[in-house]
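Just so you know, all these numbers are worked out from the coordinates, no wet-lab data involved. Since the structure is predicted, the reported quantities are computational estimates derived from the model, not experimental observations. No Cβ is skipped: glycine too gets one built from the backbone with ideal geometry, and neighbour counts run over all protein chains shown.
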Amino acid sequence: MSTTTADPVGLPAAAEGPVGDVLQQAAPAQPGARARHLLGAATTTARRGARAARPLLVDRRGLTACGATALALLLGTLGGVVDAVRGGGLGTAFGVCFVLGCGAAALAAHREDLRAAVVMPPLAYVVLALGAGAVDGVRLPGSLPTRSALELVNALALGAPVVISATALALVVALGRAVTRR
């Protein structure tokens, strides 16, 4: 009969006897590495090889998908702030800044992230429209989910040309980059 001992991390230690010998040989010898090995982190790192972790927003090649999304959201927010100061909700400044932000995001994104840059404009618009609706002082009747849904439908109906223009510009830029292999 084999016995087990407890590990300080809380994982059961290897069984004593022939099974325990095999498990001890397979586990890394570094302190604390046994838990990572048992949880699969060591093999995941080995599969990645010596490649460094990919930056979250930007590197020497340009913007990652997260960076492209952040750029479009930042420029859209800037346009939304300009329109809020002028009054009247999301207007021309927001539309121009958002379309240009989506085009710039597609232009600066990594080649492997071009699909994300094309899919991102409608999703970013929804985020910005919900944010503008939450900040806007107009109070619609109903609960918060009902008001949010009504504000979103209103923003999508009135802002459809902006969403279509931003998506079309991102698609044209991405196709142009794919054809020229840049």
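Name the long-range amide H neighbours of ALA109: under 5 Å, sequence gap of 5 or more, or other chain; modelled H, no Pro or chain starts.
Residues meeting the criterion, in which the H sits 1.01 Å from N, are LEU63.
Would you mind ranking LEU57, LEU100, LEU73 by Cβ crowding within 10 Å, fewest neighbours first?
LEU57, LEU100, LEU73
Mind sorting THR69, THR180, THR64 by how few other Cβ atoms lie within 10 Å of their own Cβ, fewest first?
THR180, THR64, THR69
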